[in-house]
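Here's the structure, in structure tokens; my notes come after.
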Amino acid sequence: MPEETNTPPPSKPTTTTPLILAPGAQKIDAGTIAQPFRTEIRAQIAKLKSQSIDPPLLVGLLANSDPAAKKYAEWTGRACTADGIRYELREIGDPIDVEAALREANDDPRVHGIIVYYPIFGQVESFSGESQDDYLRDTVSHKCDVEGLCHQYRSNLYRNVRYVDYPSNTKKCVLPCTALSVVKILESIEKCYDKSKPIGRHMEGKTVTIINRSEIVGRPLAAMLANDGADVYSIDIDSIYLFRGGRLHKCEGETPETCVRKSSIVVTGVPTKSYRLPSAWIQENTTVVNVASFKNVDESEILQIPGVTYVPMV
């Protein structure tokens with residue numbers, strides 16, 4: 001009798017039908033756009049090490065059991081390790097202790113950056129502000145804020161102030177990282193950004209729709225694209241606003257469908273598996289960027305629309 005083995009029987013070969021794209025349609029890997037930035041970071045880290053200087057230390061504060069927050073913390077650690085940045089995750093058992101841990105990190109000269117994984121308290125009311133999470137965002141020192149979410153950076157963003165050291169203007173404000181990554185993706189797509197125009201007008205004449213107005217991505221991204229000259233429709237569960245020319249306008253009579261149909265750029269960020277943006281709303285030559293952890297569009301359908309550029313993940 002032959003020996004028993006754990007080798008599984010050979011599987012039958014499977015064939016997958018390659019997706020045939022519509023004329024001019026393309027799918028873009030955001031990783032290829034990020035690579036030059038990561039290469040630059042690695043070069044700077046190598047330069048520090050050659051001078052016997054420790055790489056920057058990023059401290060992550062995790063005080064919840066939210067699976068998405070834990071996954072984000074893991075991704076942060078892997079990315080930092082790959083690029084040579086030191087990363088230290090500090091898990092806090094009781095959320096009430098986050099503020100003390102945050103202030104300790106603010107005051108620690110060894111710490112160069114702080115990232116807090118939200119939600120911690122969610123929208124629970126606070127004596128210190130609208131919500132405790134909002135208060136914690138504002139407690140992060142702007143010197144350590146790598147997310148661009150503290151009051152100083154948020155205020156500067158919504159007033160289109162781009163530097164923290166006026167009038168010398170040598171130190172740029174930190175911008176929310178996911179929103180900034182969307183901007184960098186759009187900058188790399190010629191039909192989205194026109195660099196021949198002056199700063200503040202690179203997206204002049206463009207209409208953008210952003211679905212989900214979160215404080216982390218949707219709201220700051222709308223302001224950033226409007227600051228670059230676009231008309232931006234910001235859609236949330238119960239309201240639609242238009243960011244235009246540094247002002248916010250409440251939209252009456254508009255629907256998600258009418259906004260998407262008139263937009264050449266659509267950004268989806270709905271954090272639910274059940275949501276799907278109807279492909280019929282998307283026009284030819286539109287750029288679609290999905291920033292949600294779930295696919296908010298039917299990829300096979302939108303890539304059948306001529307000229308569509310699709311970015312499935314940021």
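A few points about this structure:
- Shown for the chain is the translational diffusion coefficient from the Stokes-Einstein equation, using the Kirkwood radius over Cα pairs, a temperature of 10 °C and a viscosity of 1.306 mPa s: 73 µm²/s.
- Taking a straight line from the alpha carbon of K143, these aspartates and glutamates sit under 16 Å away, with near neighbours fewer than eight places off in the same chain left out: E104, D107, D108, D165.
- Derived scalar couplings between HN and Hα for the range 285-297 equal 6, 7, 9, 10, 10, 9, 9, 6, 6, 10, 6, 8, 9 Hz in order, rounded to whole Hz, by the Karplus curve 6.51 cos²θ - 1.76 cosθ + 1.60 (θ = phi - 60°), x for Gly and Pro.
- The chain - share of DSSP beta bridges that are antiparallel (%, nearest 5): 25 percent
- Three-way shape label, the range 247-307, alpha-carbon gyration tensor, a/c 1.5: oblate
- With 19 Å as the limit on Cα-Cα distance, the pairs of K70/K184; K273/K295; K47/K71; K197/K250 that go past it are K70/K184; K47/K71; K197/K250.
- Extension gain for S168-I199 works out to 9.4 nm (0.36 nm per residue, less the C-alpha to C-alpha distance).
- Residues whose placed amide H lies under 5 Å from that of L57, excluding near-sequence neighbours: H112, G113
- Interchain or long-range residues, amide H under 5 Å from S264's placed H: T207
- Between S274 and H151, the modelled labels are 3.9 nm apart [label points 7 Å from Cα along Cα→Cβ].
- Phi-derived couplings, Karplus 6.51 cos²θ - 1.76 cosθ + 1.60 at θ = phi - 60°, listed residue by residue for the range 97-103: 8, 5, 4, 5, 5, 5, 5 Hz, with x used for Gly and Pro.
- Cβ-defined net charge surrounding V270, 12 Å radius [Lys, Arg +1; Asp, Glu -1]: +3
- Couplings 3J(HN,Hα) of the range 141-152, computed from phi: 5, 4, 6, 10, 6, 8, 9, x, 10, 6, 4, 4 Hz, in residue order, whole Hz [Karplus 6.51 cos²θ - 1.76 cosθ + 1.60, θ = phi - 60°; x for Gly and Pro].
- Per residue, the accessible area of the range 26-162 comes to 58 Å², computed with a 1.4 Å probe over protein heavy atoms only.
- Inter-centroid distance (Cα atoms) of the range 62-88 relative to the range 186-265, Å: 30 Å
- About the centre of its Cα atoms, the range 112-263 shows a dipole size close to 700 debye [charges on the beta carbon of Lys, Arg (+1) and Asp, Glu (-1) only; nearest 20 debye].
- Cα shape, the range 100-256, gyration tensor, a/c 1.5 rule: oblate
- Max mean-square fluctuation residue, GNM over the chain, Cα-Cα springs under 10 Å, options V111, V140, V217: V111
- Reachable aspartates and glutamates, given that their alpha-carbon falls under 17 Å from the alpha-carbon of K172 and they are not under 8 places away in the same chain: D145, E147, D228
- Result for the chain in a Gaussian network model with C-alpha springs under 10 Å: among I210, I235, I189, the largest mean-square fluctuation is at I189.
- Per residue solvent-accessible surface (Å²) - the range 174-256, probe of 1.4 Å: 46 Å²
- Point-charge dipole on Cβ atoms (K/R +1, D/E -1) for the chain, about Cα centre, debye to 20: 1180 debye
- Applying the criteria of a DSSP loop state and at most 15 other Cβ atoms within 10 Å to the GluC sites (Glu not before Pro) of the range 114-203 yields E125, E130, E190.
- With the convex hull drawn over the C-alpha atoms of the range 45-142, the volume per residue is 94 Å³.
- Of all accessible heavy-atom area on the chain, the percent that carbon and sulfur account for (1.4 Å): 54 percent
- Distant-in-sequence amide contacts of I28, defined by a placed amide H-H separation under 5 Å and a gap of 5 or more residues or a different chain, comprise Y310, V311.
- Taking each residue as 0.36 nm, the span from K70 to L89 lengthens on full extension beyond its C-alpha to C-alpha distance by 5.8 nm.
The values are calculated or read from the model by the stated rules, or taken from the named source; none is laboratory data. What you are looking at is a predicted structure, and each value in this text was computed from that prediction instead of being measured. Cβ coordinates were reconstructed from backbone atoms using ideal geometry, including for glycine residues, and neighbour counts include every protein chain displayed. The area values use the complete protein model at the heavy-atom level, side chains included, leaving out ligands, DNA and RNA. Shrake-Rupley method; radii C 1.70, N 1.55, O 1.52, S 1.80 Å.
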